[in-house]
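The values are calculated or read from the model by the stated rules, or taken from the named source; none is laboratory data. Here the structure is a predicted model, which means the values were calculated and not measured. Quick reminder, even Gly has a Cβ in these numbers, built from the backbone with ideal geometry, and neighbours come from all protein chains shown.
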Amino acid sequence: MKRLVIVSNRVPVPKEGLRPGGLAVVLKDLLARKGGMWFGWNGTCHPDAAHLPPEIQQAEGVEYATIGLTPAEHRNYYTGFSNSTLWPLMHSLPEHIHFERRELATYWSVNERFCENLLPLLRAEDVIWIHDYHLLPLPALLRRHGVRQPIGFFLHTPFPAPDMLATAPDGGTFLRDLMKADLLGFQTADDTANFIFAATRKAGAIAEDDSTLTFERRRVHVGTFPVEIDPQTFAQTAVTAAGSADLRRLSGSLAGRKLIFGVDRMDPTKGLDHRLAGYERLLETYPRRERQVTFLQIAAESRTDVPSYQVLRNKLEHQIGKLNAHKGQADWTPLRFLTRGSPRPTVAGYMRLADIGYITPLRDGMNLVAKEFIAAQDPENPGVLILSRLAGAAKQLEAALLVNPLDHDGMADALERALAMSPEERRERWQACWNSIANRTALGWGLSFLNILENAKRR
Ligand code: F6P
């Protein structure tokens, strides 16, 4: 039987008291089911890390093989090139791109170290699945070292349009390196089309059809695989959480006001500053909504060493203070902004209680929070999802109120429309969104990618 080897930058090795969320759970289930190993960074930094062999451990039926990073690698590969250059580039946010050649050099060398440490652990029957923008050179490095096993690569972020890609230092090399894989997966049809366009125009690939490229006399399969959640499980989690003490406390504190809810990592791609501005515009344009609403935004701190994240944090702190000071009243705080993350079940409960899910990233590969918000609703009395049209999820959740995340008036109008929406329209919109996610699962997403990967290699 084939063994699955997942390679990703960060490996969520199970730790007591720490419950991984979202995709980490999916990939772990996939590994437990197919039998396999997860290889990558263990999240630690140590001056000797580059000389230490991978640490191998078993947990919950999965083998984890992890390496550490040196402080310089962490600075240049993770904080630097991956998250200060590639992340904003993939999300088409040029004003956030910071590029240093020495960081690119470390990005290559860390990918080489991933490769060297992975090679001795591979077996002939393995299927290798590499994840995300931290590891763009890895398919080519593995091939250069003689790896013949099927290699799949899935990009969780958007894939940018060709002009944007031109800002990537040596973007052509990344395209050629990726095409050493057998299957390349993207979140949306637009991302897939952007990749095919770039690969054929900039890297010499020939498109055989809309899912097959020929590059250096090899077939490369390309496909769209939108990441899914487990809607039924999440719905059940939300129902259970709704009866918890946490939820009763939140509900009591609202004193009958409508709840607008958002939850994200604190990341420049999430459009948090514009989202707050859209909310402020609601209170200015529709002053009767004062005291009728409370906006609860959870924005867990993330990648705190990246300068653009520090700038965002400062900007938000100023904006939050100003909004509450200018719009608040003695017995009403319009915005509750939390930077501490909450446990997943509690978040599921908040979503169920919310009248509006307010999720407006500037750009997002998928945005699973939007799907979770739909899953968490009471079908008889659902909340309204306001979703950025630039999130991958908007391609499926077309019945949400789709907004331009830069248009503050548009977001204010969408909030007003959601607040005033009839129960019939809320149910209709929710039902259409639910239908688009209800029969899919996260595991199904993983299995469909692997199925095509295994067949692609056979062909
Ligand atoms: O969305 C991309 C992603 O890498 C996710 O896989 C991950 O949950 C998130 O960003 C945060 O990643 P990290 O803390 O490892 O930079």
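Identify all residues within region 138-157 that are over 17 Å from the mean Cα position of the chain (by Cα), in a loop (DSSP other than H, G, I, E, B) and either of a type in the set (S, T, N, Q) or surrounded by 23 or more Cβ atoms within 10 Å (Cβ to Cβ) (or both); write none if there are none. If you could, list the steps in order and put the result at the bottom.
The first filter runs over region 138-157 and keeps only residues over 17 Å from the mean Cα position of the chain (by Cα), leaving 138-152.
Going one step further and asking which of them are in a loop (DSSP other than H, G, I, E, B), we end up with 145-150.
If the condition is that a residue be over 17 Å from the mean Cα position of the chain (by Cα), in a loop (DSSP other than H, G, I, E, B) and either of a type in the set (S, T, N, Q) or surrounded by 23 or more Cβ atoms within 10 Å (Cβ to Cβ) (or both), then Gln149 is the only one that fits.
Any chance you could count how many residues in region 357-377 are within 16 Å of Ala418 (Cα to Cα) and not polar (S, T, N, Q)? If you could, list the steps in order and put the result at the bottom.
Residues of region 357-377 within 16 Å of Ala418 (Cα to Cα): 357-360, 370, 373-374, 377.
Next, only the ones that are not polar (S, T, N, Q) stay: 357-359, 370, 373-374.
Qualifying residue count, region 357-377: 6.
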Exercise. Check whether at least one residue in region 311-326 is among the basic types (Lys, Arg), crowded, with 18+ Cβ neighbours inside 10 Å and assigned by TED's automatic domain parsing to the domain that holds Met351, and report yes or no.
Key: no
Quiz item: Do we find a residue being within 16 Å of the ligand (Cβ to nearest atom), buried (at least 17 other Cβ atoms within 10 Å of the Cβ) and either more than 18 Å from the chain's Cα centre (by Cα) or over 18 Å from Trp87 (Cα atoms) (or both) anywhere in region 344-358?
Solution: yes
Practice problem: Please tell me if Gly185 is surrounded by fewer than 17 Cβ atoms within 10 Å (Cβ to Cβ) and among the small types (Gly, Ala, Ser). | Solution: no
Exercise. Consider Val127 carefully, then state whether it is over 22 Å from the mean Cα position of the chain (by Cα), assigned to a strand (DSSP E or B) and away from the ligand (no atom under 16 Å from the Cβ).
Key: yes
Quiz item: Just checking, which of Leu86, Leu121 is surrounded by fewer than 19 Cβ atoms within 10 Å (Cβ to Cβ) and more than 18 Å from Lys180 (Cα to Cα)?
Solution: Leu121
Exercise. Give me a count of the residues in region 165-180 that are buried (at least 21 other Cβ atoms within 10 Å of the Cβ) and assigned to a helix (DSSP H, G or I).
Key: 4
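From the list Arg265, Arg201, which one is among the charged types (D, E, K, R) and either outside the structural domain of Ala414 (by TED's automatic domain parsing) or buried (at least 20 other Cβ atoms within 10 Å of the Cβ) (or both)? Walk me through how you get there before you give the answer.
Values: Arg265 fails: either outside the structural domain of Ala414 (by TED's automatic domain parsing) or buried (at least 20 other Cβ atoms within 10 Å of the Cβ) (or both).
The conditions single out Arg201.
Considering only region 188-228, give the strands (runs of 3 or more DSSP E) lying wholly within it that have at least 2 residues that are basic (Lys, Arg).
On the way: elements: 206-209, 212-215, 218-224.
In region 188-228, 218-224 are the strands (runs of 3 or more DSSP E) which contain 2 or more residues that are basic (Lys, Arg).
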Self-check item: Selection within region 53-73 - at pLDDT below 95 and among the small types (Gly, Ala, Ser)
Solution: Ala59, Gly61
Practice problem: Name, by its number, the condition in (1) in contact with a His (Cβ under 8 Å, 6 or more places away or on another chain); (2) surrounded by 18 or more Cβ atoms within 10 Å (Cβ to Cβ) that does not hold for Leu397. | Solution: (1)
Quiz item: Taking region 302-328 only, how many residues are more than 16 Å from the ligand (Cβ to nearest atom) and acidic (Asp, Glu)?
Solution: 1
Quiz prompt | Selection within region 379-391 - out of contact with any Phe, Trp or Tyr (no Cβ under 9 Å at 6 or more places or on another chain) and either without any contact (Cβ under 8 Å) to a residue 40 or more places away in the chain or buried (at least 24 other Cβ atoms within 10 Å of the Cβ) (or both) | solution = Ser388, Arg389, Leu390, Ala391
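So for region 383-393 (the condition being in a helix (DSSP H, G or I), not charged (D, E, K, R) and not assigned by TED's automatic domain parsing to the domain that holds Leu27), does at least one residue qualify? Before you say what the answer is, go through the steps one by one.
Taking region 383-393 as the starting set, the residues that turn out to be in a helix (DSSP H, G or I) are 392-393.
So of that shortlist, the ones also not charged (D, E, K, R) come out as 392-393.
Still in the list and also not assigned by TED's automatic domain parsing to the domain that holds Leu27: 392-393.
Yes, region 383-393 has at least one match.
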Quiz item: Conditions: (1) among the aliphatic types (A, V, I, L, M); (2) within 16 Å of the ligand (Cβ to nearest atom); (3) part of a helix (DSSP H, G or I). Leu118 meets all but one. Number of the miss?
Solution: (2)
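Can you tell me how many residues in region 329-372 are farther than 21 Å from Ile229 by Cα and touching a Phe, Trp or Tyr at 6+ places or on another chain (Cβ under 9 Å)? Spell out how you get there, then give the answer.
Keep residues of region 329-372 that are farther than 21 Å from Ile229 by Cα, which gives 329-340, 355, 362.
With touching a Phe, Trp or Tyr at 6+ places or on another chain (Cβ under 9 Å) added as a condition, the list becomes 334-337, 355.
Result for region 329-372: 5.
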Practice problem: Give, as residue ranges, the strands (runs of 3 or more DSSP E) completely inside region 1-96 that count at least 3 residues that are closer than 27 Å to Asp190 by Cα. | Solution: 3-10
Practice problem: Under 6 Å between Cβ atoms, at least 6 apart or on separate chains: pull out the pairs that start in region 66-87 with a residue that is within 12 Å of the ligand (Cβ to nearest atom) and end on any residue that is among the β-branched types (Val, Ile, Thr). | Solution: Tyr77/Thr106; Tyr77/Val110; Thr79/Val306; Asn83/Val306; Ser84/Val306
Exercise. Could you tell me whether region 420-443 includes any residue that is surrounded by 14 or more Cβ atoms within 10 Å (Cβ to Cβ), in a helix (DSSP H, G or I) and at pLDDT below 95?
Key: yes
Self-check item: Hits in region 130-164 - residues which are at pLDDT below 95 and within 15 Å of the ligand (Cβ to nearest atom)
Solution: none
